[in-house]
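Colleague: This is the structure, below, for whatever I ask next.
The values are calculated or read from the model by the stated rules, or taken from the named source; none is laboratory data. The model shown is predicted, which means the values in this text are computed figures rather than measured ones. Cβ: placed from backbone, ideal geometry, glycine included. Neighbour counts: every protein chain shown.
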(Lines give C-alpha, C1' and ligand atoms only; values in the text may rest on other atoms or scores of the structure.)
Protein backbone atom coordinates (compact mmCIF):
# COMPACT_ATOMS: atom_id res chain seq x y z
CA UNK A 1 0.00 0.00 0.00
CA UNK A 2 1.45 3.32 -1.09
CA UNK A 3 0.80 6.27 1.19
CA UNK A 4 1.94 9.80 0.56
CA UNK A 5 1.69 13.13 2.30
CA UNK A 6 1.15 16.54 0.76
CA UNK A 7 4.05 17.84 -1.33
CA UNK A 8 4.22 21.40 -0.03
CA UNK A 9 6.75 22.56 -2.62
CA UNK A 10 4.46 21.54 -5.47
CA UNK A 11 1.53 23.26 -3.79
CA UNK A 12 3.65 26.40 -3.44
CA UNK A 13 4.47 26.31 -7.14
CA UNK A 14 0.80 25.98 -8.05
CA UNK A 15 -0.17 28.89 -5.80
CA UNK A 16 2.61 31.01 -7.29
CA UNK A 17 1.23 30.36 -10.78
CA UNK A 18 -2.20 31.50 -9.56
CA UNK A 19 -0.60 34.67 -8.20
CA UNK A 20 0.85 35.32 -11.62
CA UNK A 21 -2.67 35.15 -13.02
CA UNK A 22 -4.05 37.29 -10.20
CA UNK A 23 -1.43 39.91 -11.09
CA UNK A 24 -2.80 39.79 -14.68
CA UNK A 25 0.59 39.01 -16.14
CA UNK A 26 -1.05 35.96 -17.71
CA UNK A 27 -4.74 35.68 -18.45
CA UNK A 28 -4.97 31.88 -18.29
CA UNK A 29 -2.73 28.86 -17.90
CA UNK A 30 -2.69 25.09 -18.05
CA UNK A 31 -0.16 22.56 -16.93
CA UNK A 32 1.23 20.54 -19.82
CA UNK A 33 4.26 18.35 -20.40
CA UNK A 34 5.28 15.28 -18.45
CA UNK A 35 3.48 16.27 -15.25
CA UNK A 36 0.18 16.58 -17.11
CA UNK A 37 0.85 13.20 -18.73
CA UNK A 38 1.48 11.76 -15.26
CA UNK A 39 -1.93 12.96 -14.07
CA UNK A 40 -3.68 11.11 -16.91
CA UNK A 41 -1.39 8.09 -17.06
CA UNK A 42 1.57 6.86 -15.07
CA UNK A 43 4.22 9.09 -13.41
CA UNK A 44 7.56 9.36 -15.19
CA UNK A 45 10.68 11.15 -13.96
CA UNK A 46 10.74 14.79 -15.02
CA UNK A 47 12.50 17.80 -13.58
CA UNK A 48 10.52 20.85 -14.53
CA UNK A 49 6.91 21.92 -14.59
CA UNK A 50 5.65 23.11 -17.99
CA UNK A 51 3.00 25.79 -17.72
CA UNK A 52 1.43 26.97 -20.97
CA UNK A 53 0.12 30.51 -20.66
CA UNK A 54 -2.17 32.82 -22.58
CA UNK A 55 -1.07 36.40 -22.24
CA UNK A 56 -3.46 39.35 -21.85
CA UNK A 57 -4.85 40.64 -25.14
CA UNK A 58 -3.67 44.13 -24.15
CA UNK A 59 -0.19 42.96 -25.12
CA UNK A 60 -0.14 43.48 -28.88
CA UNK A 61 2.81 41.23 -29.54
CA UNK A 62 4.74 39.23 -27.03
CA UNK A 63 8.40 39.98 -27.54
CA UNK A 64 9.83 39.05 -24.16
CA UNK A 65 9.03 37.22 -20.94
CA UNK A 66 10.88 39.93 -19.04
CA UNK A 67 7.75 41.16 -17.16
CA UNK A 68 7.34 37.63 -15.75
CA UNK A 69 10.94 37.48 -14.61
CA UNK A 70 10.69 40.98 -13.11
CA UNK A 71 7.58 39.90 -11.19
CA UNK A 72 9.35 36.75 -10.03
CA UNK A 73 12.30 38.78 -8.79
CA UNK A 74 9.99 41.17 -6.91
CA UNK A 75 8.18 38.24 -5.29
CA UNK A 76 11.39 36.51 -4.25
CA UNK A 77 11.32 33.67 -6.79
CA UNK A 78 14.77 33.05 -8.24
CA UNK A 79 15.18 32.57 -11.98
CA UNK A 80 17.62 30.22 -13.66
CA UNK A 81 17.95 30.52 -17.42
CA UNK A 82 14.38 30.18 -18.71
CA UNK A 83 12.97 28.72 -15.49
CA UNK A 84 11.40 30.50 -12.55
CA UNK A 85 12.00 28.56 -9.35
CA UNK A 86 8.65 28.39 -7.56
CA UNK A 87 8.51 26.44 -4.30
CA UNK A 88 11.95 25.07 -5.22
CA UNK A 89 10.56 23.64 -8.49
CA UNK A 90 11.82 24.85 -11.89
CA UNK A 91 8.74 26.19 -13.69
CA UNK A 92 8.87 26.96 -17.38
CA UNK A 93 6.21 29.40 -18.57
CA UNK A 94 5.53 28.73 -22.23
CA UNK A 95 3.50 31.28 -24.21
CA UNK A 96 0.86 29.56 -26.36
CA UNK A 97 2.45 29.42 -29.80
CA UNK A 98 -0.51 28.60 -32.03
CA UNK A 99 -4.25 27.93 -32.13
CA UNK A 100 -3.86 24.34 -30.92
CA UNK A 101 -1.93 25.38 -27.81
CA UNK A 102 -4.41 28.18 -27.13
CA UNK A 103 -7.30 25.70 -27.41
CA UNK A 104 -5.47 23.28 -25.12
CA UNK A 105 -5.19 25.97 -22.44
CA UNK A 106 -8.73 27.26 -22.94
CA UNK A 107 -10.25 23.77 -22.67
CA UNK A 108 -8.07 22.49 -19.84
CA UNK A 109 -9.80 20.67 -17.01
CA UNK A 110 -9.61 21.48 -13.33
CA UNK A 111 -8.01 18.88 -11.09
CA UNK A 112 -7.57 19.18 -7.36
CA UNK A 113 -3.91 18.77 -6.50
CA UNK A 114 -2.57 19.36 -3.01
CA UNK A 115 -5.95 20.95 -2.21
CA UNK A 116 -5.53 23.51 -4.97
CA UNK A 117 -7.79 23.59 -8.06
CA UNK A 118 -5.36 23.41 -10.95
CA UNK A 119 -5.89 23.64 -14.71
CA UNK A 120 -4.39 20.67 -16.56
CA UNK A 121 -4.43 20.08 -20.31
CA UNK A 122 -6.71 17.30 -21.49
CA UNK A 123 -4.91 14.15 -22.67
CA UNK A 124 -6.31 14.59 -26.18
CA UNK A 125 -4.65 18.01 -26.45
CA UNK A 126 -1.39 16.71 -24.97
CA UNK A 127 -1.31 14.05 -27.69
CA UNK A 128 -2.01 16.62 -30.40
CA UNK A 129 0.73 18.95 -29.14
CA UNK A 130 3.22 16.07 -29.07
CA UNK A 131 2.31 15.22 -32.66
CA UNK A 132 3.14 18.67 -33.97
CA UNK A 133 6.07 18.35 -36.36
CA UNK A 134 8.31 20.60 -34.23
CA UNK A 135 7.62 18.54 -31.07
CA UNK A 136 7.69 15.01 -32.48
CA UNK A 137 10.61 13.40 -30.66
CA UNK A 138 10.97 9.74 -29.66
CA UNK A 139 10.40 10.61 -26.00
CA UNK A 140 7.21 12.48 -26.79
CA UNK A 141 5.92 9.73 -29.05
CA UNK A 142 6.40 7.35 -26.12
CA UNK A 143 4.19 9.67 -24.07
CA UNK A 144 1.61 9.63 -26.86
CA UNK A 145 1.65 5.83 -26.75
CA UNK A 146 1.24 5.85 -22.95
CA UNK A 147 -1.69 8.25 -23.13
CA UNK A 148 -3.38 6.27 -25.89
CA UNK A 149 -2.96 3.05 -23.93
CA UNK A 150 -3.66 4.26 -20.42
CA UNK A 151 -4.96 7.82 -20.48
CA UNK A 152 -8.69 7.26 -20.77
CA UNK A 153 -8.77 9.02 -24.11
CA UNK A 154 -12.00 10.34 -25.62
CA UNK A 155 -11.28 8.94 -29.06
CA UNK A 156 -13.87 10.96 -31.04
CA UNK A 157 -12.58 14.14 -29.41
CA UNK A 158 -8.97 13.20 -30.19
CA UNK A 159 -9.84 12.40 -33.80
CA UNK A 160 -11.63 15.73 -34.18
CA UNK A 161 -8.66 17.67 -32.77
CA UNK A 162 -6.17 15.83 -34.98
CA UNK A 163 -8.32 16.43 -38.05
CA UNK A 164 -8.79 20.11 -37.22
CA UNK A 165 -5.05 20.69 -36.95
CA UNK A 166 -3.92 18.33 -39.72
CA UNK A 167 -2.08 15.95 -37.39
CA UNK A 168 -1.75 12.18 -37.62
CA UNK A 169 -0.95 9.43 -35.17
CA UNK A 170 2.28 7.49 -35.84
CA UNK B 1 25.91 -24.32 -26.02
CA UNK B 2 24.24 -27.60 -25.14
CA UNK B 3 20.74 -27.79 -23.70
CA UNK B 4 22.28 -28.88 -20.41
CA UNK B 5 24.25 -25.59 -20.08
CA UNK B 6 21.33 -23.31 -20.88
CA UNK B 7 19.50 -21.45 -18.19
CA UNK B 8 16.10 -23.08 -17.66
CA UNK B 9 13.28 -21.43 -19.59
CA UNK B 10 10.53 -19.95 -17.44
CA UNK B 11 7.27 -21.80 -17.75
CA UNK B 12 4.36 -20.05 -19.50
CA UNK B 13 2.56 -19.92 -16.15
CA UNK B 14 5.50 -18.18 -14.49
CA UNK B 15 5.77 -15.65 -17.34
CA UNK B 16 2.04 -14.99 -17.18
CA UNK B 17 2.23 -14.44 -13.43
CA UNK B 18 5.15 -12.04 -13.82
CA UNK B 19 3.28 -10.09 -16.50
CA UNK B 20 0.18 -9.92 -14.30
CA UNK B 21 2.28 -8.58 -11.43
CA UNK B 22 3.85 -5.95 -13.65
CA UNK B 23 0.47 -4.90 -15.03
CA UNK B 24 -0.88 -4.63 -11.48
CA UNK B 25 2.01 -2.35 -10.49
CA UNK B 26 1.42 -0.07 -13.48
CA UNK B 27 -2.29 0.02 -12.72
CA UNK B 28 -1.54 0.91 -9.09
CA UNK B 29 0.63 3.81 -10.29
CA UNK B 30 -2.00 4.98 -12.76
CA UNK B 31 -4.72 4.97 -10.13
CA UNK B 32 -2.83 7.13 -7.62
CA UNK B 33 -4.29 10.53 -6.85
CA UNK B 34 -2.60 13.55 -8.50
CA UNK B 35 -0.89 14.42 -5.21
CA UNK B 36 0.40 10.87 -4.84
CA UNK B 37 1.67 10.98 -8.41
CA UNK B 38 3.66 14.13 -7.66
CA UNK B 39 5.22 12.35 -4.70
CA UNK B 40 6.09 9.42 -6.94
CA UNK B 41 7.65 11.74 -9.54
CA UNK B 42 9.91 13.10 -6.79
CA UNK B 43 10.87 9.58 -5.77
CA UNK B 44 11.63 8.71 -9.40
CA UNK B 45 13.80 11.82 -9.68
CA UNK B 46 15.92 10.47 -6.82
CA UNK B 47 16.28 7.17 -8.64
CA UNK B 48 17.21 8.46 -12.09
CA UNK B 49 19.42 11.42 -11.19
CA UNK B 50 22.47 9.28 -10.22
CA UNK B 51 21.98 7.25 -13.41
CA UNK B 52 21.91 10.38 -15.60
CA UNK B 53 24.93 11.79 -13.74
CA UNK B 54 26.91 8.67 -14.67
CA UNK B 55 26.30 9.32 -18.36
CA UNK B 56 26.71 13.11 -18.58
CA UNK B 57 26.86 16.28 -16.49
CA UNK B 58 23.47 17.15 -15.03
CA UNK B 59 21.66 20.15 -16.49
CA UNK B 60 21.01 23.05 -14.11
CA UNK B 61 17.36 22.12 -13.61
CA UNK B 62 17.94 18.38 -13.16
CA UNK B 63 17.61 18.05 -9.42
CA UNK B 64 15.17 16.47 -7.01
CA UNK B 65 12.27 18.71 -6.06
CA UNK B 66 11.99 19.58 -2.40
CA UNK B 67 9.02 17.94 -0.73
CA UNK B 68 8.74 20.66 1.86
CA UNK B 69 7.65 24.27 1.78
CA UNK B 70 10.23 26.74 0.46
CA UNK B 71 7.90 29.63 -0.07
CA UNK B 72 9.28 33.20 -0.07
CA UNK B 73 8.54 35.11 3.14
CA UNK B 74 6.64 37.80 1.15
CA UNK B 75 4.16 35.25 -0.18
CA UNK B 76 0.48 35.49 0.69
CA UNK B 77 -1.54 32.61 -0.71
CA UNK B 78 -4.38 33.37 -3.14
CA UNK B 79 -6.59 30.58 -4.45
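Colleague: Among the numbered criteria (1) more than 9 Å from every other protein chain (Cβ to nearest Cβ); (2) at pLDDT 95 or above; (3) surrounded by fewer than 22 Cβ atoms within 10 Å (Cβ to Cβ), which single criterion is violated by residue A:47?
Modeller: Answer for residue A:47: the failing condition is (1).
Colleague: Going through A:157, A:167 one at a time, which residue ends up being in contact with a helix residue (DSSP H, G or I) (Cβ under 6 Å, 6 or more places away or on another chain), in contact (Cβ under 8 Å) with a residue 12 or more places away in the chain and part of a loop (DSSP other than H, G, I, E, B)?
Modeller: A:167
Colleague: Just checking, which of B:24, B:28, B:17 is part of a helix (DSSP H, G or I), within 8 Å of another protein chain (Cβ to nearest Cβ) and at pLDDT 85 or above?
Modeller: One residue alone meets the criteria, B:28.
Colleague: Let me ask something else about it. Of everything in the stretch A:68-92, what is exposed (fewer than 15 other Cβ atoms within 10 Å of the Cβ) and either over 14 Å from residue A:13 (Cα atoms) or under 16 Å from the mean Cα position of the chain (by Cα) (or both)? Give them in sequence order.
Modeller: Correct list: A:70, A:73, A:74, A:80, A:81, A:82.
Colleague: Kindly check whether there is at least one residue in the stretch A:93-115 that is within 14 Å of chain B (Cβ to nearest Cβ), under 14 Å from the mean Cα position of the chain (by Cα) and without any contact (Cβ under 8 Å) to a residue 60 or more places away in the chain.
Modeller: Looking for residues that are within 14 Å of chain B (Cβ to nearest Cβ), under 14 Å from the mean Cα position of the chain (by Cα) and without any contact (Cβ under 8 Å) to a residue 60 or more places away in the chain, one finds at least one in the stretch A:93-115, hence yes.
So that you can scan it fast, the table gives a plain yes or no per residue for (1) in contact (Cβ under 8 Å) with a residue 60 or more places away in the chain; (2) within 28 Å of residue A:110 (Cα to Cα); (3) exposed (fewer than 11 other Cβ atoms within 10 Å of the Cβ):
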position	(1), (2), (3)
B:8	no, no, yes
B:15	no, no, no
B:24	no, yes, yes
B:27	no, yes, no
B:32	no, yes, no
B:36	no, yes, no
B:40	no, yes, no
B:43	no, yes, no
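Colleague: Identify all residues within the stretch A:11-34 that are facing chain B (nearest Cβ under 9 Å) and touching a residue at least 60 places away in the same chain (Cβ under 8 Å); write none if there are none.
Modeller: Selection gives A:11, A:12, A:13, A:15, A:16, A:18, A:34.
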